[in-house]
Amino acid sequence: MPARRIIPCLDVKDGRVVKGVQFRDHRDVGDIVENATRYSAEGADELVFYDITASPEGRSVDTAWIERVSRVIDIPFAVAGGIRDLATAEAVLEAGADKVSVNSPALARPELIDELAAAFGAQCVVIGVDSMREEGGYRVWRNTGDPERSDEAGRLTLDWLREATRRGAGEVVLNCMRKDGVRDGYDCEHLQEVVAAVTVPVIASGGAGAPRHFREAFEHGASGALAATVFHDRLIAIPDLKQDLLANGIEVRP
Amino acid sequence: MTLAIVDLDYGNIASIRHAFARLGVDAEVTADADALRAADRVVLPGVGAAGHAMARLRERDLADTIRALECPALGICLGMQLLFERTDENDIECLGLIPGRVRALQPAATRPIPHMGWSALSLPDPAAGLAAGDYVYFAHSFACPDGEATVARADYGEPIPAALRQGNWWAAQFHPERSGAAGARYLQAFLEWQP
């Protein structure tokens, strides 16, 4: 595997970076470009921007800030939120994003994944999934950016991810919803079964609170680990985290 | 200096343009054959699928122009793969400037495909700003044959040509525009290169 990736996740709402707890009560954590620059300078390996208002409100992601981010950082970044057709994905990539990540729109119309992969290649298409443990296994939720509209999508997480990667998604971001913003560790059991179910890289999301949580995610097969709260609140500094991982024998980019 | 980026419609053209802008060079994105022939440097980009990219080049009658370029030229990612004769991706014929066939990487238990992320160079290319131990960013499912043109290499279950040189061409499988300081050094070395 390449060096394991540390990926700060920036939720974007109305042009600002925000953070909620279990997808609710979002508070402002600053300017998009300032945050991107800070994380890039601190050694983040990649960034993910979720326009959390785009999907539930039925509108597409605004591309002006994507171009501003692309001009200043020299690490890759993905954009998610409201990408429901080729034209929107093309606009996002043309603004300078390296990957597009689709979630609710792909659940509504799975062929979207095939279309994106055919046009841009699998390495450009990320499938994001919000997964929640329920009776009978983990199930997929949709429109999670808006608590009023979010509901269960009627699919088992493993089935959906097998289908999505067969259709051409080149990476999975697995977000375990009950873990979001809670900081008691990634759901490694679920992570491990997803890693075993697909052949593409899997990024763990939801629950990071301490350096050992990142270590556990990597030991359970994650190619990258995504976190927001611990980085936004400066509870973990990325250089310290990488030092800790290296000391524990996990390859990271120095 | 005039720097032209071949306009394939789809692809990571903006991120490459922005990377050169950080080095003080304003690139022109163009599909005009005369503009490409007149440029001091040409970049053949590529995020995208090989089939789409070659179809674009043929539609715009650019394949011959690119083959005939004499100025220093740089292929990035898919742009590197297109320099070879054929690719497994969509099983199509490419530009044929370098012999060999681009092949699909095969997944293994600890090697998901695409090969996505930062890998260290096992064979560095100091002349191109790439030092031993540098990590650069890859995002690809297909790999070029490892041959005489290879000047930098990474490993992913098999040797992965990370950079090559052939005649007036440089090419990188990794993304120098998104590879931090090492990537910036590589692009700067390309701008300064005098064949």
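Computed quantities for the displayed model
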{"item": "Span from the region B:73-128 Cα centroid across to the region A:132-147 one, whole angstrom", "result": "38 Å"}
{"item": "Long-range amide H partners of A:Val12 with built H, under 5 Å", "result": "A:Val18, A:Tyr50, A:Asp51, A:Ile52"}
{"item": "For A:167-173, mean number of other protein chain Cβ atoms within 10 Å", "result": "2"}
{"item": "Distance in nm between pseudo-label sites at B:Arg58 and B:Ala131 (7 Å out along the Cβ direction from Cα)", "result": "4.6 nm"}
{"item": "Relative contact order computed over chain B (Cα-Cα under 8 Å; 6+ residues apart), in percent", "result": "18 percent"}
{"item": "Per-selection Rg to Rh, the protein assembly as shown - Cα, Kirkwood hydrodynamic radius", "result": "0.95"}
{"item": "Added length on full extension, which subtracts the Cα-Cα distance from 0.36 nm per residue, B:Glu158 to B:Ile92", "result": "21.4 nm"}
{"item": "Fluctuation leader among A:Asp11, A:Asp240, A:Asp130 - chain A, Gaussian network, Cα springs under 10 angstrom", "result": "A:Asp240"}
{"item": "Residue-span extension gain [A:Ala196 to A:Ala247] - 0.36 nm each, minus C-alpha spacing", "result": "15.7 nm"}
{"item": "Square roots of five times the Cα gyration tensor eigenvalues for region A:48-164, Å", "result": "25, 16, 12"}
{"item": "Of all DSSP beta bridges in region B:3-192, antiparallel share, percent nearest 5", "result": "55 percent"}
{"item": "Burial order of peptide ranges A:45-51, A:151-157, B:96-102, A:81-87 (average beta-carbon count within 10 Å, highest first)", "result": "A:45-51, A:81-87, B:96-102, A:151-157"}
{"item": "Projected label distance in nm at A:Glu152 and B:Asp146, using a 7 Å step from Cα toward the beta-carbon", "result": "4.9 nm"}
{"item": "Highest-first arrangement of A:27-39, B:127-139, B:168-180, A:105-117, where packing means the average Cβ count within 10 Å", "result": "B:168-180, B:127-139, A:105-117, A:27-39"}
{"item": "Per-residue mean of C-beta atoms belonging to partner chains within 10 Å, peptide A:66-72", "result": "3"}
{"item": "Gaussian network model of chain A, Cα within-10 Å springs - most flexible of A:His232, A:His220, A:His26", "result": "A:His26"}
{"item": "Taking the convex hull of Cα positions in region B:107-150, its mean projected area over all directions (nm²)", "result": "3.7 nm²"}
{"item": "Over chain A: helical MRE at 222 nm, DSSP H runs n ≥ 4 each giving -39500 (n - 2.57), nearest 500", "result": "-9500 deg cm²/dmol"}
{"item": "Per-residue average of Cβ from other chains inside 10 Å of B:105-117", "result": "6"}
{"item": "For peptides A:1-9, B:150-158, sequence by mean Cβ density within 10 Å, most packed first", "result": "A:1-9, B:150-158"}
{"item": "For region A:80-86, Karplus couplings with θ = phi - 60° (6.51, -1.76, 1.60), whole Hz, Gly/Pro x", "result": "10, x, x, 8, 10, 8, 4"}
{"item": "Principal axis box of region A:5-247, alpha-carbon based, largest edge first, Å", "result": "42, 42, 34"}
{"item": "Where Rh is the Kirkwood radius over Cα pairs, Rg/Rh for region B:3-192", "result": "0.93"}
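Every number in this text was worked out from the coordinates using simple rules, so none of it is lab data. Everything numeric here is computed off the predicted structure, so don't read it as measured data. We place every Cβ from the backbone using ideal geometry, glycine too, and count neighbours over all the protein chains shown.
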